[in-house]
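Below you'll find the structure, written out as structure tokens, and then a few comments.
The values are calculated or read from the model by the stated rules, or taken from the named source; none is laboratory data. Computed from a predicted structure; not experimentally measured. Don't worry about glycine lacking a Cβ; one is built from the backbone with ideal geometry, like all the others, and counts go over all protein chains shown.
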Amino acid sequence: MTQPVAKDENTIFKGYGSPFQSAPKQEIPQPPYAKSKSNEFAVSEDKWNSALSVEKETPKEESPTSKKELVALLLLLPGIVFALFGLALFFFSSDGVLTLRWNKSVAYFYFLGAAPLLYLGWRAFRT
């Protein structure tokens, strides 16, 4: 088997010419999303200032809950739960230990109490 002869001694691949060097030089087309050199999207200063003044004049729509209300809710809910749990520990523990035991027959009352709360909460959440 014979080895092909290198075209140039300086080529990286001995025996083969680089496919990039052997291809004819062509101009690479620019993609359609490339930045245009013209001022197609230029906005005059007057238009820019008028748009900014219109934006300042229009009142922004307020969200149903503000950030302040959300923070208050996120702090109050766990605080209430911990306070109720502390009260339960304080009043219903015997010898410093709180043991909770419920009969299965009581579960139906909890389901009846939870159903309207879940329905009203879901309805309030969707609006």
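Side notes on the structure shown:
- Top-ranked residue in region 100-127 [being of a type in the set (Ser, Thr, Tyr) and closer than 24 Å to Ala88 by Cβ; ranked as farthest from the chain's Cα centre (by Cα)]: Ser105
- Candidates Leu70, Leu52: the one that is at pLDDT 70 or above, closer than 30 Å to Arg126 by Cβ and not in a loop (DSSP other than H, G, I, E, B) is Leu70.
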